[in-house]
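Working notes, structure below.
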Ligand SMILES: Nc1ncnc2c1ncn2[C@@H]1O[C@H](COP(=O)(O)OP(=O)(O)OP(=O)(O)O)[C@@H](O)[C@H]1O
Ligand SMILES: [Mg+2]
């Protein structure tokens, strides 16, 4: 794992601003839950961390490195969607381990990670 630092991150779709400066420090190994009403921007923030959305202003850091301009593949993180892109016959751990295996991680370590 790694520290994730979100520094006053802003996101706008055209003239519509949906994230108005979010700051969160997540320490290595910490478990974090984003809670809020529908449409408050949770998925947008997760997509910005993963690199699937660009960051309109300020910055996001992973492991001490600013990742604003880093493509998803180079961020060395993964995400599991809530209700699609999952293999229903596998457990959560197996779903996560599967993509790690495809990425070349040793099979023995995937279960632990
Ligand atoms: N591609 C987009 N273009 C324009 N507006 C968008 C886009 N994606 C999201 N939005 C808007 O940004 C806001 C935040 O959306 P987001 O999907 O992050 O919300 P959420 O907190 O994940 O809510 P939920 O999962 O309940 O829908 C919403 O008002 C949404 O309509
Ligand atoms: Mg969502």
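The values are calculated or read from the model by the stated rules, or taken from the named source; none is laboratory data. If you're wondering where the values come from, they're calculated on a predicted model, not measured in any experiment. A quick note on method: Cβ atoms are made from the backbone with ideal geometry, for glycine too, and the neighbour counts reach across all protein chains shown.
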By residue number, the members of segment 10-21 that are closer than 11 Å to residue 55 by Cα, in contact (Cβ under 8 Å) with a residue 12 or more places away in the chain and within 16 Å of ligand 2 (Cβ to nearest atom) are 11, 19
If I ask for residues that are on the phi > 0 side of the Ramachandran plot and away from ligand 1 (no atom under 15 Å from the Cβ), which ones from segment 24-50 would you list? 29
Top-ranked residue in segment 41-61 [being closer than 19 Å to residue 103 by Cα and not in a helix (DSSP H, G or I); ranked as nearest to ligand 2 (Cβ to nearest atom)]: 52
A careful count of residues in segment 22-38 that are part of a loop (DSSP other than H, G, I, E, B) and in contact (Cβ under 8 Å) with a residue 12 or more places away in the chain gives 4
Out of 67, 80, I need the residue that is surrounded by 14 or more Cβ atoms within 10 Å (Cβ to Cβ) and free of Cβ contacts under 8 Å to residues at least 40 places away in the same chain. Which one? 67
Looking for something outside any helix (DSSP H, G or I), modelled with pLDDT of 90 or more, within 16 Å of ligand 1 (Cβ to nearest atom) and farther than 23 Å from residue 106 by Cα - is there at least one such residue anywhere in segment 70-86? no
Meets criteria (at pLDDT below 95 and either more than 19 Å from residue 2 (Cα to Cα) or in contact with a helix residue (DSSP H, G or I) (Cβ under 9 Å, 6 or more places away or on another chain) (or both)) for residue 47: no
